[in-house]
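To start, the structure itself, in structure tokens.
Every number in this text was worked out from the coordinates using simple rules, so none of it is lab data. Please read these numbers as outputs of a predicted model, since none were measured by experiment. Here the Cβ positions follow ideal geometry from the backbone for every residue, glycine too, while neighbour counts run over all protein chains shown.
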Amino acid sequence: MKQRLFEIQSNEQIAKSVYRMQLCGDTAGILPGQFVNIRVQGQFLRRPISVCNITDGILTIIYKVVGVGTEAMSHLPIGTKLDILTVLGNGYDLTKAGDAPLLVGGGVGVPPMYMLARQLREMGKAVRVILGFNTKDEVFYEEEFRALGCDVTVTTVDGSHGVKGFVTNALDGQQSYYYTCGPLPMIKALLQAAGTNGEVSMEERMGCGFGACIGCTIQTTQGPKRVCKEGPVFPAEILIL
Amino acid sequence: MNMNNRLQISLSGITLANPIIPASGTYGFGDEFAELYDINCLGGISFKGTTREARYGNPLPRIAECGNYGMINAVGLQNPGVEHVIAHELPRLKSHYNGCIVANVSGFSVQDYVETCALLDKEPIDILEVNISCPNVHNGGMAFGTSPEAAAEVTAAVKAVTTKPVYMKLSPNVTDIVAIAKACEAAGADGLCLINTVLGMRIDIRRRRPVIANRYGGYSGAGIFPLALRMVNQVARATNLPIIGCGGVSSAEDVIEMMMAGATAVEIGAANLTNPMVAKEIIDRLPTLMDELKIDKLTDIIGIVNHE
């Protein structure tokens with residue numbers, strides 16, 4: 001864990017209720033699948049947001065406005081300095097990917113898949129990506145994943161863009177190792193359809209975000225585990241959903 | 001005068017380098033904070049509450065923001081059980097922390113408290129902090145700390161099985177905290193720690209349900225500071241026991257207020273979650289603040305608003 005000041009370089013809406021913020025600061029040690037915990041003025045608890053990408057001292061996060069804290073974040077101007085805790089959580093295990101991993105992201109589960117996809121592509125992997133959204137105006141980052149050289153399929157529940165249905169409608173039955181992040185119903189459906197040969201980024205309401213308050217502990221077949229510390233990424237086979 | 005001696009205090013004969021103790025449940029066993037600063041700067045550490053048996057605690061979500069000045073939690077005392085703590089967490093803490101170790105204990109029957117404290121009596125801890133905000137399973141779930149008789153019973157039972165100083169941690173969710181405090185004093189408590197969290201609630205108006213699965217939880221953070229200060233002052237004026245003041249402390253100024261009200265040591269809780277550096281920042285700031293306020297030694301101001 002580190003506590004650092006970052007400066008906002010950009011903060012723009014990229015889809016319905018979804019914003020991308022780029023911040024300049026000390027990004028050393030941050031791994032794909034980790035998150036950061038942001039102090040938002042006027043709010044008591046920090047806001048934990050997944051890391052979307054790191055390049056050359058720029059941290060990119062993508063967040064959805066879901067409450068007062070994220071609402072406040074969406075109005076922060078360029079130049080604002082934010083107190084951020086970084087290097088939080090365990091991150092994805094890239095050694096398990098195999099040659100042709102599958103990445104499945106749903107809604108705001110999509111952003112953490114990006115840095116993972118970038119690093120897997122840098123390792124020469126053939127990366128297949130399924131991005132699931134509710135409807136066309138919620139879709140984001142389709143072209144960004146394609147530009148990495150990934151094989152990208154977008155699904156929308158109402159069929160307004162890409163394949164109609166859920167992410168599971170886009171599975172092709174191959175036995176790849178998968179990485180996933182998204183709403184709990186999506187995760188349950190994916191595990192049902194694709195088995196447990198993969199890892200899941202879980203989300204729970206957090207207190208401190210760095211392991212001290214044990215507010216975010218989930219039950220697993222290996223005992224209680226803190227989503228912010230032993231997670232947020234867990235092997236699918238140990239989850240009790 | 002040596003800079004260090006200005007901050008020094010004493011609890012039941014134990015010298016602490018300063019009055020700052022992270023509150024139980026907000027600091028684990030210090031491992032996470034040790035990544036950010038040298039935790040040996042702390043006068044003491046009150047470790048995560050332990051119980052006779054391992055507990056998972058309450059269903060999620062069990063922690064939430066509670067407005068701009070606090071948070072609400074119903075974590076439910078998740079811990080690996082006292083025997084695991086004695087075998088693993090405590091030795092690890094002792095291996096890298098030299099200050100005063102406060103062992104926080106909870107229980108759901110008098111027997112629970114007795115067995116847990118008897119085990120800890122043999123261990124290298126300095127103070128037993130007995131949390132009586134827990135429901136008594138043998139008394140319809142009424143918290144031990146809500147009745148003077150129950151509080152006294154736990155105090156006496158624990159005192160009988162240990163020679164460590166016993167500090168009773170009092171609940172604020174009572175009609176008369178002074179009555180509880182006096183009952184603990186009469187039953188032999190060596191000190192008091194107050195307050196624990198204040199029972200509270202928030203509702204998510206979009207989802208139309210309470211923000212935490214347990215419905216009600218403990219409210220903590222800056223919003224409860226005036227309540228905590230008032231109760232510390234009431235108890236200080238009514239008993240002769242040393243007091244560890246706790247509740248909404250987040251600045252060096254708050255520490256001074258707590259001590260002036262009657263606290264000898266001060267626990268910092270929720271503030272650790274939002275600013276993990278806060279305890280160290282407060283310790284670092286105290287000498288400068290004391291200079292501004294013309295305080296020579298912190299012991300000079302303990303209970304000073306109570307001196308007639």
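Contour minus end-to-end for B:ILE304 and B:MET142, with contour as 0.36 nm per residue of separation and end-to-end as the Cα-Cα distance? The partial results should precede the final answer.
On the way: separation 162, 0.36 × 162 = 58.32 nm, distance 3.55 nm.
Gain on extension, B:ILE304 to B:MET142, equals 54.8 nm.
Provide, as a two-decimal number, the C-alpha radius of gyration of the range B:171-308 over 2.2 N^0.38 Å, N being how many residues it has. Show your work: numbers first, answer last.
Details: Rg = 16.6 Å, N = 138, 2.2 N^0.38 = 14.3 Å.
With N residues counted in the range B:171-308, Rg over 2.2 N^0.38 Å equals 1.16.
Compare B:GLY262, B:GLY221, B:GLY140 in a GNM of chain B, Cα atoms joined below 10 Å, and give the one with the largest fluctuation.
Between B:GLY262, B:GLY221, B:GLY140, it is B:GLY140 that shows the largest mean-square fluctuation.
For the residues A:MET113, B:MET201, what sequence is obtained by ranking on other C-beta atoms within 10 Å, fewest first?
On the way: A:MET113 31, B:MET201 14.
Fewest-to-most ranking of A:MET113, B:MET201: B:MET201, A:MET113.
How far, in degrees from 0 to 90, does helix A:111-122 lean away from the longest principal axis of the Cα atoms of chain A, to the nearest 10?
Between helix and principal axis, roughly 70 degrees.
What's the center-to-center distance, using Cα atoms, between the range B:24-93 and the range A:168-241 in Å?
Distance between centres, Cα-based: 24 Å.
Whole-Hz ³J(HN,Hα) for each residue in the range A:176-181, computed from phi via Karplus 6.51 cos²θ - 1.76 cosθ + 1.60 with θ = phi - 60°, x for glycine and proline: what do you get?
6, 6, 10, 10, 9, 8
How large are Rg and Dmax for the range A:143-241 when only the alpha carbon atoms are used, in Å?
Reported Rg and Dmax, both Å: 15.5, 44.
Taking the range B:1-103, which GluC sites (Glu not before Pro) meet the DSSP loop condition and have no more than 15 other C-beta atoms within 10 Å? List each step's numbers first, then the result.
Working: sites: B:GLU32, B:GLU35, B:GLU53, B:GLU65, B:GLU83, B:GLU89; in loops: B:GLU35, B:GLU53.
Those satisfying the criteria are B:GLU35, B:GLU53.
Ratio to report: Rg/Rh of the range A:2-88, with Cα atoms as the point set and Rh obtained by the Kirkwood method; give two decimals. Show your work: numbers first, answer last.
Working: Rg = 11.6 Å, Rh = 12.7 Å.
Here Rg/Rh amounts to 0.92.
Which value, in debye to the nearest 20, describes the size of the charge dipole of the protein assembly as shown about its Cα centre when Lys and Arg Cβ atoms bear +1, Asp and Glu Cβ atoms bear -1, and nothing else is charged? Could you put the intermediate results ahead of the total?
On the way: 46 positive and 53 negative charges, 192 e Å.
In total the dipole reaches around 920 debye.
Would you mind ranking B:LYS280, A:LYS81 so that the residue whose beta carbon has the fewest other beta carbons within 10 Å leads the list? Each step should come with its number before you reach the end.
Working: B:LYS280 17, A:LYS81 13.
Lowest to highest Cβ neighbour count: A:LYS81, B:LYS280.
Work out the length of the dipole vector of the range B:3-306 about its Cα centre, built from +1 on the beta-carbon of each Lys and Arg and -1 on the beta-carbon of each Asp and Glu, and round it to the nearest 20 debye.
Working: 24 positive and 30 negative charges, 171 e Å.
In total the dipole reaches around 820 debye.
Report the far tail of the P(r) of the range A:94-201, meaning the percent of Cα-Cα pairs longer than 22 Å.
Values: 1213 of 5778 pairs.
Percentage above 22 Å: 21.
Dipole size in debye (nearest 20) for the range A:2-88 around its Cα centre, Lys and Arg Cβ +1, Asp and Glu Cβ -1?
On the way: 9 positive and 6 negative charges, 47 e Å.
I would put it at about 220 debye.
Could you work out the mean projected area of the convex hull around the alpha carbons of the range B:149-235, in square nanometres to one decimal? Working shown, then result.
On the way: hull surface 28.4 nm².
That works out to 7.1 nm², a quarter of the Cα hull's surface.
Roughly how tilted is helix A:184-194, in degrees to the nearest 10 and between 0 and 90, from the longest Cα axis of chain A?
In chain A, helix A:184-194 runs at an angle near 30 degrees to the longest axis.
Per-residue HN-Hα couplings for the range B:9-21, Karplus 6.51 cos²θ - 1.76 cosθ + 1.60 at θ = phi - 60°, whole Hz, x for Gly and Pro?
The phi angles translate into 9, 9, 10, 6, x, 8, 8, 10, 4, 7, x, 8, 10 Hz.
B:GLY49's amide H: which non-local residues (gap 5+, or another chain) put their own amide H closer than 5 Å, with H modeled 1.01 Å from N in plane and none for Pro or chain starts?
Close amide H contacts, sequence-distant or interchain: B:GLY25.
How long are the semi-axes of the ellipsoid equivalent to the range B:3-306, from square roots of 5 times the Cα gyration tensor eigenvalues, in whole Å, largest first? Numbers along the way, then the final one.
Working: eigenvalues 136, 103, 84 Å².
Ellipsoid half-lengths, sorted descending, are 26, 23, 21 Å.
Give the average over all directions of the projected area of the C-alpha convex hull of chain A, one decimal, in nm². Write down the numbers at each step before the final one.
Details: hull surface 48.0 nm².
Mean shadow area of the hull around the Cα atoms is 12.0 nm².
Using 5 Å bins from zero, what percent of all Cα-Cα pairs in the range A:54-121 falls into each bin?
Per 5 Å bin, starting at zero, the Cα-Cα P(r) for the range A:54-121 comes out as 3, 10, 19, 23, 19, 13, 7, 4, 1 percent.
So which residue, out of B:THR116, B:THR274, B:THR15, gets the largest mean-square fluctuation from a GNM of chain B using Cα contacts under 10 Å as springs?
Looking only at B:THR116, B:THR274, B:THR15, the biggest GNM fluctuation is shown by B:THR274.
For the protein assembly as shown, what is one quarter of the convex hull surface built on the Cα atoms, given in nm²? Provide the component values of the computation, followed by the final result.
Values: hull surface 104.5 nm².
Orientation-averaged projected area of the Cα hull: 26.1 nm².
For the range B:50-156, what are Rg and Dmax over the alpha carbons, in angstrom?
15.2, 43
Where does each of A:ASP151, B:ASP176 land when they are ranked from fewest to most other beta-carbon atoms within 10 angstrom? It would help to have the intermediate numbers written out before the result.
On the way: A:ASP151 13, B:ASP176 10.
Ranked by crowding around the Cβ, least crowded first: B:ASP176, A:ASP151.
Could you go through the range A:159-172 in sequence order and give the Karplus-derived ³J(HN,Hα) for each residue, using 6.51 cos²θ - 1.76 cosθ + 1.60 with θ = phi - 60°, rounded to whole Hz, and x for Gly and Pro?
Once θ is set to phi - 60°, the couplings for the range A:159-172 become x, 6, 7, x, 6, 7, x, 9, 4, 5, 6, 9, 6, 10 Hz.
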